[in-house]
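One structure is given here, and the rest of the page talks about it.
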Amino acid sequence: MGLPPDKAKTHCPHGHELSGDNLEPWHLKTRNARACWTCHKQRAYKSRLLQVAAIGRAAKALGLTQAAYIDRYGWSRHVALQYA
């Protein structure tokens with residue numbers, strides 16, 4: 001029969017090796033699947049940059065500092081995009 005399609009993969013679509021410490025732990029535990037930890041960290045980093053930028057724009061539009069904006073409205077990027 002062979003291995004399931006996910007188990008036969010040796011590298012992610014971006015060329016990172018799928019073994020050892022580069023396997024994303026959440027997928028292993030909950031889905032019994034293998035996902036690239038490097039790609040996961042890169043996506044999370046980009047998402048965080050977009051979130052902070054949106055909050056910065058919203059704070060500026062409302063005449064607040066970023067800290068004051070976060071205290072009042074929280075960290076939601078979706079809320080920030082309404083004000084930006």
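Each reported figure results from applying straightforward, stated rules to the coordinates on display, with no laboratory input. The structure displayed is predicted, hence computed values, not measured ones. Virtual Cβ from ideal backbone geometry, glycine too; neighbours counted across all protein chains shown.
Sites listed here are trypsin sites (Lys or Arg not before Pro) in segment 19-84 whose DSSP assignment is loop and whose Cβ has at most 11 other Cβ atoms within 10 Å: ARG31. Considering only THR65, THR30, THR38, the mean-square fluctuation computed in a Gaussian network model of the chain, springs between alpha carbons under 10 angstrom, is largest for THR30. Counting every alpha-carbon pair across the chain, the share separated by more than 16 Å comes to 61%. For CYS36, nonlocal amide neighbours, meaning residues 5 or more places apart or on other chains whose placed amide H falls under 5 Å from its own, are GLU24. With contacts taken as Cα pairs under 8 Å and at least 6 residues apart, segment 9-83 reaches a relative contact order of 21 percent.
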